[in-house]
Amino acid sequence: MNFLQDVMESDDERIFQVWTTAAGPQGKLPLTEDMLRTWASGDLFGWTQNAGMGWNVNRLASRQILILSTQGGIRDRDGTPIALGYHTGHWEIGLLVQSAAQALQAQGAIPFAAYVSDPCDGRSQGTAAMFDSLPYRNDASMVMRRLIRSLPTREAVIGVATCDKGLPALMMALASFRNMPVVLIPGGVTLAPEDGEDAGKVQTISARFTHGEITLEEAAKLGCRACATPGGGCQFLGTAATSQVVAEALGLAMVHSALAPSGQPIWEQMARQSALAAMEQIRLGLTGKDILTDASIRNAMVVHAAFGGSTNLLLHIPAIAHAARLKVPEVRDWIEVNREVPRLVSVLPNGPEHHPTVRVFLAGGVPEVMLQLRKEGGVLDERVLTAAGVPLKDVLDWWEDSERRWKLRKRLVEVDGIDADRVIMSRTTAHARGMRSTVTFPVGNIAPEGAVIKSTAIDPSVLDEEGVYRHTGAIKVFTSERSAIEAIKTGGIVAGDILVLMGRGPAGTGMEETYQLTSALKHLPFGKHVSLLTDARFSGVSTGACIGHIGPEALAGGPIGKLRTGDVVEIVIDTQRLEGTVNFIGEGGRRFPPEEGQEILNARELHPDLAPDPDLPDDTRLWAALQNVSGGTWRGSVYDVERILEVLDAGQQALNRGQTVPDDHQDGR
């Protein structure tokens, strides 16, 4: 009772001065007789709402443009937090929304703003929150599409997003609007600390402390300053930064907009430029289907390879293509691109020099990489249209001699003493520095449907003279990430081990990201001598001999789920030819060829400890089922509505015929 009295009662008489009417906006709606006869009541009431929110009634007939962002948190006017967001990536993008809105107003348009915030994969690492990470992308994209459709009078949509799941979700949403102008504004990057570690390495402070690599005091200081500025995505080429690069390579984002330093004038200017691009698309009569084509999808794959981007984009680019109703890239397409396209960017985490992403921006970013690819002859289709409404060829011609290009290259030398050609380089220079193509897709009796490794990020010191990684040894099996990281921290994993983490694919965990494992191995002295096999996925900043996306996943009966501790596995990854195998070849002191290993695995039962994670949410179980019938991870973990309806219809018909329903469907779990 005291709580209610203390909270609800007040001596301030002003709170009781409640009014029941108000004068309302002055003026009148600029209606015509034709509007009243032909417009939907919702369109008319929309003007009433606009006036009610304070818009000038004399400007209600202007073009309406929706700005949809992933903004999170509440900032005071001076930038201090009133309520925190989940991450720096969405903390400052309200400033981009504001800049874009002001530019639209100056063009005589009416800007609308809506928000679908996003989670932080770094904050989720090693927790049950990671079970919602990849499923969030599909659900958020669906909500974004609903919000876009819920403003029926919009004539274009501008998206603003930064990070791992919100940005792919927004690209999927924009891609689905084929008959409307769409532009994307990347949220940029945070800066690295002057004295400290990047946001990738700092996520290993617990493992390094446990192994005596750093002190408690060092861990506390490093953890405090890793995000040196309050806005933008992490400073490495992880999934957030790669997604920004891909957005620009697709033509959705303006030239040289990816990886801009958050909060700086050049970053805010980019929002204004993007707003003008949306208006230009309206003027030219261009829509999403003119920008997003099969050719632009392939261009994005080419640029992804040249950057050495996150393997998570192997999930997101197919999903964007599916949303745009384009050809969905298959494994053979990725193999072809990665064999053809050299890696040209030296950046965190791949190296050889670990430059933060802001240096990539100053070195020229996406258009600079495209200029280098232009020299390769034919790997890019320069006929595609871009967000500015002009072909890519015209964009690159402008960039090559632009004042912007040369001023920013000069600035990189002034502030960091770095020549831009050390960050983005030619094929010849990249080859001389030992840079290899980005992705390899191993197969074998453990991964009959395939797997993925960012082969360019294997430590060069563990490759043979021909660039081949070879590791044969007894495996140690884990069915939870928690037990695996505990083993790494406490000495249960040592140099020469092959760590197998099973049951962490879509059906087990929503295909969790296992960065705490890969990052610990990267930054511990013995880590480069340990291999990791899993049906889960990796953070974009992961490096090392880490093979993920193994299919079929364990809980779908995949052979990875039949392995046992002590089994002998052979891994061969040719980083030059981009070929690899992962095979079970021994048990109990006996060795045999992969074909016999396959027969043994076929006869085995699944691992006795294999089960979906007990904390797996029902929402994620539903996502796992829907994406599975839609083609699974190799088709981007999308929702293919026609395929889902077909399966549901077949199931309903089976039920109507009186066929038995599996037990796990009978109790409504």
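Scanning region 634-669 for residues that are within 19 Å of ALA507 (Cα to Cα) and modelled with pLDDT of 95 or more returns ARG635, GLY636, SER637, VAL638, TYR639, ASP640, ARG643, ILE644, VAL647, LEU648. Taking region 47-115 and the strands (runs of 3 or more DSSP E) fully enclosed by it, the elements with 3 or more residues that are under 13 Å from GLY159 (Cα atoms) and among the aliphatic types (A, V, I, L, M) are at 64-69.
Residue by residue, here is whether (1) part of a loop (DSSP other than H, G, I, E, B); (2) in contact (Cβ under 8 Å) with a residue 24 or more places away in the chain; (3) crowded, with 19+ Cβ neighbours inside 10 Å holds:
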{"position": "ALA387", "(1), (2), (3)": "yes, yes, yes"}
{"position": "VAL395", "(1), (2), (3)": "no, yes, yes"}
{"position": "LYS407", "(1), (2), (3)": "no, no, no"}
{"position": "ARG436", "(1), (2), (3)": "yes, yes, yes"}
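Quick test for you: out of GLY561, GLY580, GLY566, GLY548, pick the one residue that is touching a residue at least 60 places away in the same chain (Cβ under 8 Å), of a type outside the set (Val, Ile, Thr) and outside any strand (DSSP E or B). Within the list GLY561, GLY580, GLY566, GLY548, the selection yields GLY566. The residue that is modelled with the lowest pLDDT, counting only those in region 9-46 that are more than 18 Å from PRO152 (Cα to Cα), in a helix (DSSP H, G or I) and acidic (Asp, Glu), is GLU13.
Determine which member of the set LEU555, LEU610 is in contact with a Leu (Cβ under 8 Å, 6 or more places away or on another chain), free of Cβ contacts under 8 Å to residues at least 60 places away in the same chain and within 20 Å of GLU449 (Cβ to Cβ).
Working: LEU610 fails: free of Cβ contacts under 8 Å to residues at least 60 places away in the same chain.
None of the other options fit; the residue is LEU555.
Set side by side, the residues VAL183, VAL202 differ, and just one is part of a helix (DSSP H, G or I) and at pLDDT 95 or above, which is VAL202.
Entry remark, region 98-121: residues being of a type in the set (Phe, Trp, Tyr) and farther than 14 Å from SER62 by Cβ number 1 in total.
Residue by residue through region 139-160, note down the ones that are part of a helix (DSSP H, G or I) and either among the hydroxyl-bearing types (Ser, Thr, Tyr) or in contact with a Phe, Trp or Tyr (Cβ under 6 Å, 6 or more places away or on another chain) (or both).
If we filter region 139-160 for residues that are part of a helix (DSSP H, G or I), which is where we start, we get 139-149.
Matches in region 139-160: SER141 only.
Could you check, for region 125-146, whether at least one of its residues is under 30 Å from ALA51 (Cβ atoms) and hydrophobic (A, V, I, L, M, F, W, C)? Among the residues of region 125-146, at least one is under 30 Å from ALA51 (Cβ atoms) and hydrophobic (A, V, I, L, M, F, W, C), which makes the answer yes.
Return yes or no: is ALA173 in contact (Cβ under 8 Å) with a residue 60 or more places away in the chain and assigned to a loop (DSSP other than H, G, I, E, B)?
Details: in contact (Cβ under 8 Å) with a residue 60 or more places away in the chain: yes; assigned to a loop (DSSP other than H, G, I, E, B): no.
So ALA173 fails the test.
When you go through ALA271, ALA321, ALA278 one by one, which is the residue that is under 18 Å from the mean Cα position of the chain (by Cα), surrounded by 24 or more Cβ atoms within 10 Å (Cβ to Cβ) and not in a loop (DSSP other than H, G, I, E, B)? Before you say what the answer is, go through the steps one by one.
Details: ALA271 fails: under 18 Å from the mean Cα position of the chain (by Cα); ALA278 fails: under 18 Å from the mean Cα position of the chain (by Cα).
After applying the criteria, what remains is ALA321.
When you go through ILE571, ILE585 one by one, which is the residue that is assigned by TED's automatic domain parsing to the domain that holds VAL477, of a type outside the set (Phe, Trp, Tyr), in a strand (DSSP E or B) and closer than 17 Å to HIS549 by Cα? Before you say what the answer is, go through the steps one by one.
Numbers: ILE585 fails: closer than 17 Å to HIS549 by Cα.
Only one candidate passes the filter, namely ILE571.
Taking the conditions exactly as written (in the same structural domain as ALA484 (by TED's automatic domain parsing), in contact with a strand residue (DSSP E or B) (Cβ under 7 Å, 6 or more places away or on another chain) and within 23 Å of GLN516 (Cβ to Cβ)), does ILE550 satisfy them or not?
Numbers: in the same structural domain as ALA484 (by TED's automatic domain parsing): yes; in contact with a strand residue (DSSP E or B) (Cβ under 7 Å, 6 or more places away or on another chain): yes; within 23 Å of GLN516 (Cβ to Cβ): yes.
Judged against the criteria, ILE550 is a match.
With respect to GLU268, determine if the residue is in the same structural domain as GLN235 (by TED's automatic domain parsing) and closer than 30 Å to ARG77 by Cα. In short, yes.
Within region 131-141, not a single residue is surrounded by fewer than 17 Cβ atoms within 10 Å (Cβ to Cβ) and of a type in the set (A, V, I, L, M).
The values are calculated or read from the model by the stated rules, or taken from the named source; none is laboratory data. As the structure is a prediction and not an experimental result, all values here were calculated from the model. Counting neighbours? That spans all protein chains shown, and the Cβs are built from the backbone with ideal geometry, glycine included.
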